[in-house]
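Notes follow the structure.
The values are calculated or read from the model by the stated rules, or taken from the named source; none is laboratory data. If you're wondering where the values come from, they're calculated on a predicted model, not measured in any experiment. Here the Cβ positions follow ideal geometry from the backbone for every residue, glycine too, while neighbour counts run over all protein chains shown. Heavy atoms of the whole protein, side chains included, go into the accessibility calculation; ligands, DNA and RNA do not. Shrake-Rupley method; radii C 1.70, N 1.55, O 1.52, S 1.80 Å.
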Amino acid sequence: MNTSSRKTLFRASAALVAGLAISSQVQAATWSDTYLGYKFGDRFSEPFNTKDINKNVLTFWHASGYKYGSNFVNIDYLMSDKNDPAFAGANHGAREVYAIYRHTLDFGALTGSPIKFGPVKGVGFTAGFDVNTKNDAGYNSKKQMLVAGPTLFIDVPAGFFNLSLLQLWESNAPYSTFSKTGVARYSYDPHPMLSAAWGVPVSGLWFKGVANFIAEKGKSEFGAATKPETFIDVSLMYDMAPVLGTPKSAVQVGVGYNYWRNKFGNDASGPAGPGAIATTPNVKFEYHF
């Protein structure tokens, strides 16, 4: 498939997913949760960079359900310190916007006949996309990725736990301000991802997280072999309502931990070095409305 065809496929698929989102909004929402968040950590990392990086992260997060399924949106604005420079020779950090959209169609709700077996209380199909842009000196990511695959809704006493097996179609068009070189948009091999997402109450706190196990995606745009990735992001959040007198769950504070091995498919045991492994404690704040 040539570059023009890949662009057409991405645009058509994104339009289809957007159409699902718009059509779902015609249905009355049965539930909705939106928050503005802030996160800070001082041990973020980037491939080919041996330094620890401070990052401030602003987040817009939204999840909602309707009769036949659900929508999920997450947009992060990540602000690095000078250890992840904005361009060659810069004394200030890079800026990144990373956006995720997922739509999950519930087969049981669609057919009127719930699908249940063992610990599974429902089966659905998830489709969506990731896009990002970053102005860092070394890579200048312009990621585009489509995702699609089945989702299992696991029965838990409270909250939710979803398990998805998604196929990924990812491309990028980086440009290095260090070497003054770049590549045209390059598509990696299609590859699968096993993804878990959850939010469950634990002893008066909310335990939230996502875990992605991503297969290797063939050769990189520079001809290097990619490696399987492990990405885990968890947090334990406390509802400040008893302290502040705010509505239940409106204001939450907590701590989190991020682990990412072979970040972006880069080999942590190769030239990408320790920067391809993130082990990042962080503090978090969420305002729900």
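Here the contact order of the chain, divided by its residue count and restricted to Cα pairs under 8 Å and six or more residues apart, works out to 15 percent. Between F48 and V283, the C-beta separation translates, for a Förster distance of 45 Å, into a calculated FRET efficiency of about 0.95. By a 1.4 Å probe calculation restricted to protein chains, D130 has an accessible surface near 10 Å², given to the nearest 10. Give me the angle, in degrees from 0 to 90, between the Cα long axis of helix 3-26 and the longest principal axis of the Cα atoms of the chain, rounded to the nearest 10. With both axes taken from Cα atoms, the answer is about 20 degrees. Note on Y139: accessible area approximately 70 square angstrom, rounded to 10, probe 1.4 Å, nucleic acids and ligands left out.
The Kirkwood radius of the chain, taken over pairs of alpha-carbon atoms, gives through the Stokes-Einstein law at 4 °C and 1.567 mPa s a diffusion coefficient of 64 µm² s⁻¹. Across all Cα atoms of region 132-221, the radius of gyration (one decimal) and Dmax (whole number) stand at 17.7, 54 Å.
Roughly how many percent of the accessible protein surface of region 29-87 is carbon and sulfur, given a 1.4 Å probe and a whole-percent answer?
With neighbouring chains kept in place, the figure for region 29-87 is 57 percent.
A protection proxy built from the mean count of other Cβ atoms within 10 Å ranks the segments 238-244, 199-205, most packed first, as 238-244, 199-205. If you take the Cα centroid of region 42-93 and the Cα centroid of region 179-213, the two points sit 13 Å apart.
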